[in-house]
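Asker: Below are the structure tokens for one structure; questions will follow.
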Amino acid sequence: MTSDTIMKTNRQKLVTQGYMIPFILVTSLFFLWGFAHGCLDVLNKHFQELLSMSKAKSALVQFVFYGGYFLMAIPAGLLMQRFGYKKGIIFGLSLFCAGAFLMLPATFVQTFGSFLACLFIIACGLTCLETAANPYTTILGPPASAERRINFSQSFNGLGWIAGPLIGGLLIFSDNGGENKFSSIALPYLLIGTLVFFVALLFWRVTLPEIKEEYHTSDDNAADTDVTWRNLFRHRHFVLAVLAQFFYVAAQTGVNSFFINYVTEEMPAISNQAASRILAFGGMGLFWLGRFSGSTLFMQMAKPNKLLAFYALMNVITMSLVVAGLGWVSVVALFSTYFFMSIMFPTIFALGIKDLGPLTKKGSSLLVMAIVGGALIPLLMGRIADVSTMAIGFIVPLCCFAFILYFGLDGYKVRNSAR
């Protein structure tokens, strides 16, 4: 059976089971949170210049944002388990919308803390969306194509990552000659907040099928219906997936946070706005291309874990070139990293929740909680950059990709611990 035949069969199953419209709607969420994440990297550099703060202090943008994921992840998982995916998604969209619109009054308060508070609210909303949408895409259709479905949906997340630094950089870095030098910060958030509001209305009107997660493998797994946190940690592959997700988000956030810093330091002739365009088209463009090609082509040619391991190996190599500080060579290596980061989050997620059955929603919340890696690593990278050079700071994501290489080679294997 050819790959085209397989994709056609999967689409037919989505239609006949009534999953196509829900799948399209849920996939739209990936774009929305991709945009929000993409804007962070522009904010990081903007606050450094606007408030004359160090790289380590500006990394509090990522610390607060991803810290919101850490604090909200378990409540989000419990919310999904108690009320289902639809209500959880609407609640998440409501928080996202509220945080985005609060950016406007924050520009009048004009304190770093007020902007951080808005970002925290947005992050809590995104936690609910990611806790629901990631596992939902894996079960809206045949189990055999779960990894491809989540990577396809995540390719729209890549489009959001392109739009974030592109639109955010254009609006936030715009020359603001008015009295309120903070006013440009609210513009991209008012735009995305309005879009989020209309998406929330669509979810309110549309019926989403509530799907019960079941085991698809051994009788031993099928018998394990005790939905407790303790049972969840008996799954070795899941525990390693949480660690891999922690290190992946740590690496991705570190690369994103200091991309503009690195490019402008290595190539001083490049302005902040030009660097944000390189990030949008060069980095995030490759990120989107990687996810789209991974879901539609490469994962039909190679097993997801092998593709994950190969991409992790390539990023170990690209990060080595970045640390070396070789001018244009290192800059090209830096944005090439995005292509190989592309499939990591959704693939680790899908491999991590494999065969969890009734534990899937709890497992999903912990995999989302692992995003806290993005709160911690930029602080470390910023500190290293302040006392040394920005290039040396990229040793940290290099080590993170090395662990993901191990997970793709061995850690993904489903081997439950002894009871």
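Asker: If a residue must be of a type in the set (A, V, I, L, M, F, W, C) and modelled with pLDDT under 75, how many such residues does the stretch 165-181 contain?
Answerer: Count: 1.
Asker: Do we find a residue being at pLDDT below 90 and under 15 Å from P397 (Cβ atoms) anywhere in the stretch 345-366?
Answerer: yes
Asker: Another one. Hey, among the residues in the stretch 357-372 that are hydroxyl-bearing (S, T, Y) and within 9 Å of T131 (Cβ to Cβ), which one's surrounded by the most Cβ atoms within 10 Å (Cβ to Cβ)?
Answerer: If we take residues in the stretch 357-372 being hydroxyl-bearing (S, T, Y) and within 9 Å of T131 (Cβ to Cβ), then S364 is surrounded by the most Cβ atoms within 10 Å (Cβ to Cβ).
Asker: Test R291 against the stated conditions and say whether it is within 25 Å of L409 (Cα to Cα) and either without any contact (Cβ under 8 Å) to a residue 60 or more places away in the chain or among the basic types (K, R) (or both).
Answerer: yes
Asker: Can you tell me which of (1) farther than 27 Å from F70 by Cα; (2) modelled with pLDDT of 80 or more; (3) not aromatic (F, W, Y) is the one R149 doesn't meet?
Answerer: All conditions are met except number (1).
Asker: For the stretch 58-89, how many residues are surrounded by fewer than 19 Cβ atoms within 10 Å (Cβ to Cβ), among the hydrophobic types (A, V, I, L, M, F, W, C) and farther than 23 Å from L43 by Cα?
Answerer: 3
Asker: Across the stretch 237-291, what is the total count of residues that are β-branched (V, I, T) and crowded, with 24+ Cβ neighbours inside 10 Å?
Answerer: Of the residues in that region, 5 qualify.
Asker: Does L321 qualify as being modelled with pLDDT under 90 and not aromatic (F, W, Y)?
Answerer: When the stated conditions are applied, L321 does not pass them.
Asker: From the list I185, I192, I162, exactly one residue is modelled with pLDDT under 80 and surrounded by 15 or more Cβ atoms within 10 Å (Cβ to Cβ). Which is it?
Answerer: I162
Asker: With respect to the numbered conditions (1) under 20 Å from F246 (Cα atoms); (2) surrounded by fewer than 21 Cβ atoms within 10 Å (Cβ to Cβ), which one is the sole condition not fulfilled by T337?
Answerer: (2)
Asker: Right, something else. So, in the stretch 91-115, of the ones that are of a type in the set (A, V, I, L, M) and crowded, with 18+ Cβ neighbours inside 10 Å, which residue ends up farthest from the chain's Cα centre (by Cα)?
Answerer: Restricting to residues being of a type in the set (A, V, I, L, M) and crowded, with 18+ Cβ neighbours inside 10 Å, the top hit is A106.
Asker: Now for a separate question. For a quick check of your reading of the model, give me the residue pairs whose first member lies in the stretch 76-102 and is touching a residue at least 12 places away in the same chain (Cβ under 8 Å), whose second is not in a helix (DSSP H, G or I), with beta-carbon atoms closer than 7 Å and at least 6 apart or on different chains.
Answerer: G84/E210; Y85/L208; Y85/E210; K86/L208
The values are calculated or read from the model by the stated rules, or taken from the named source; none is laboratory data. If you're wondering where the values come from, they're calculated on a predicted model, not measured in any experiment. No Cβ is skipped: glycine too gets one built from the backbone with ideal geometry, and neighbour counts run over all protein chains shown.
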